[in-house]
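Take a look at the structure set out below.
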């Protein structure tokens, strides 16, 4: 190796070391006591939690600070999702993200408002050029809030790899600021016989056992003897805890041993956003849908490509000897606090139930479809995590404009999407946009929508197991002015918009024929415009506010006032 090459290698090593050290110097983004309500990788409905949720003492409008020098690279504003969200790129090659904000700092807010007026839309997703809005480490960039799909005041905070946009565990940079010597908490263990290849306690159905605790909180032994034969998979239900907090958190590391041999491990350090729906194969999806319970699988379905595993035989256990199999789970959090739980599987020969005859077999690595005279389903390849036997049933109902279709008898997650088509019983509406597919649940029906096609409706779905039918929505949204006599004195216009079925799809406010910015949050039916210098003083003005629902029905509200 020559001197020049050596110098280059030393420089790269120095640069990497400098960036690594620099990344450890991120400041905490709030001036409150560091506390988490959620951690990274926590299990959520259809996705992994991509950040850490920082508590703000149960209130909004806490100052939010840039954790390092950098520049604003993206601004996202929406009624749902992260609400008001800010993205800052840093010299470390990482991006910090701040979500559910109540407001941006003045220079960032001015930029966002300008883009909203340029687009004539409240929702924006704007990418900025480097240096357009630079920020300094410790600079206040926002106020905390509760906007978007937030269940209470907090800041959703992320650190991402700027190049890939993969989220990484932000707690790795702040662990020393948050005391934690609490071990994870195990709640249950599940046993999954592989159909046609394994059996547990005489059945090929999953067996899920709750783990009880003694008065000291120590987990007790399994409350049932487990005997198995053939190939099985295991799963564990567990959460993490932190000092002084009543919250439960996700477990970062899961390891499963068989007779002291490591057969499965998962590490929730980072994941690609494109694979976040694979939470539905990381966990027991059927149990989640039926019981709202999260068992984490300790085996890998064939369609699961999450890059978080190390396994032997994909984590499956072969029970083929008459003996005790000594099993052990190790659950570890970010700080190294570890819970160990040991249990026995008794190897016992027993008949392995064979697969039932299947008329509509669907393979995980194939393009699958189902065709009937009044119902079609299409699932492109790459959407299933494992094989299953599809079932379809229909029931007649006078309440809907089609039969009710049960799309499979058990929940099955799709990684991206499939489509279903349902035939109309009577195609009588002149405005076919008023038709919509609804999903029928125990509490009523939820409008999904869809597009008219060949005497029926087609719509995308994200999972199987639901009941669907065609309904109509011909009633336009209702717009109710809120104390309009006070609008001028309050310098604020407030209207309430409600819809009985398909929900609000879009809205628009104009004064004197020009667009004005109304704001909205998904948790609220109120739409608000604060007077600004775009409205001339000392003149008569006319407000026109229009709301359109998911079926294309529109309502227009007009009001004249003098400012």
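Points to keep in mind about this one:
- Residue list for region 421-453, restricted to those being at pLDDT 95 or above and on the phi > 0 side of the Ramachandran plot: 449, 450
- Residue match in region 393-401 (condition: surrounded by 18 or more Cβ atoms within 10 Å (Cβ to Cβ) and either closer than 24 Å to residue 304 by Cα or touching a strand residue (DSSP E or B) at 6+ places or on another chain (Cβ under 6 Å) (or both)): yes
- Candidates 60, 72, filtered to the one that is touching a strand residue (DSSP E or B) at 6+ places or on another chain (Cβ under 7 Å), within 21 Å of residue 519 (Cα to Cα) and either in contact (Cβ under 8 Å) with a residue 24 or more places away in the chain or not assigned by TED's automatic domain parsing to the domain that holds residue 142 (or both): 60
- Selection status of residue 489, surrounded by fewer than 15 Cβ atoms within 10 Å (Cβ to Cβ), part of a loop (DSSP other than H, G, I, E, B) and out of contact with any strand residue (DSSP E or B) (no Cβ under 9 Å at 6 or more places or on another chain): no
- Any strands (runs of 3 or more DSSP E) falling wholly within region 155-253 and containing at least 3 residues that are over 21 Å from residue 288 (Cβ atoms) and outside the structural domain of residue 82 (by TED's automatic domain parsing): 185-200, 227-239
- Subset of region 504-515 (residues that are part of a strand (DSSP E or B) and in contact (Cβ under 8 Å) with a residue 24 or more places away in the chain): 504, 505, 506, 507, 508, 509, 510, 511, 515
- Screening 325, 249, 295, 239 for residues that are within 28 Å of residue 351 (Cα to Cα) and out of contact with any helix residue (DSSP H, G or I) (no Cβ under 8 Å at 6 or more places or on another chain) leaves exactly one candidate, 325.
- Residue tally, condition without any contact (Cβ under 8 Å) to a residue 40 or more places away in the chain, under 32 Å from the mean Cα position of the chain (by Cα) and within 22 Å of residue 287 (Cβ to Cβ), over region 205-238: 6
- Counted residues, region 342-386 - those being modelled with pLDDT of 95 or more and closer than 30 Å to residue 259 by Cα: 13
- The residue list 167, 153, 91 contains one member that is surrounded by 16 or more Cβ atoms within 10 Å (Cβ to Cβ) and touching a helix residue (DSSP H, G or I) at 6+ places or on another chain (Cβ under 9 Å), which is 167.
- Test for residue 538: is it in contact with a helix residue (DSSP H, G or I) (Cβ under 8 Å, 6 or more places away or on another chain) and not assigned by TED's automatic domain parsing to the domain that holds residue 82: no
- Scanning region 281-304 for residues that are closer than 25 Å to residue 167 by Cα and either in a helix (DSSP H, G or I) or over 18 Å from the mean Cα position of the chain (by Cα) (or both) returns 281, 282, 285, 288, 297, 298, 299, 300, 301, 302, 303.
- Filtering 45, 31 for residues that are farther than 25 Å from residue 239 by Cα, at pLDDT 95 or above, surrounded by fewer than 19 Cβ atoms within 10 Å (Cβ to Cβ) and not assigned by TED's automatic domain parsing to the domain that holds residue 266 leaves a single hit, 31.
- With respect to the stated conditions, residue 101 is crowded, with 18+ Cβ neighbours inside 10 Å, under 21 Å from residue 56 (Cβ atoms) and free of Cβ contacts under 8 Å to residues at least 60 places away in the same chain.
- In region 254-280, residue nearest to residue 331 (Cα to Cα) [restricted to those that are outside any strand (DSSP E or B) and without any contact (Cβ under 8 Å) to a residue 60 or more places away in the chain]: 275
- Looking only at residues in region 30-44 that are touching a residue at least 60 places away in the same chain (Cβ under 8 Å) and either out of contact with any strand residue (DSSP E or B) (no Cβ under 7 Å at 6 or more places or on another chain) or in a strand (DSSP E or B) (or both), the one that is nearest to residue 104 (Cα to Cα) is 30.
- Check on residue 385, in contact (Cβ under 8 Å) with a residue 24 or more places away in the chain and in contact with a strand residue (DSSP E or B) (Cβ under 6 Å, 6 or more places away or on another chain): no
- Sole exception among (1) more than 30 Å from residue 562 (Cα to Cα); (2) more than 31 Å from the chain's Cα centre (by Cα); (3) free of Cβ contacts under 8 Å to residues at least 12 places away in the same chain for residue 401, by number: (3)
The values are calculated or read from the model by the stated rules, or taken from the named source; none is laboratory data. Worth saying up front: this structure is predicted, and the values here are computed from it rather than measured. Because the Cβ atoms are built from the backbone with ideal geometry, glycine has one as well, and the counts that use them run over all protein chains shown.
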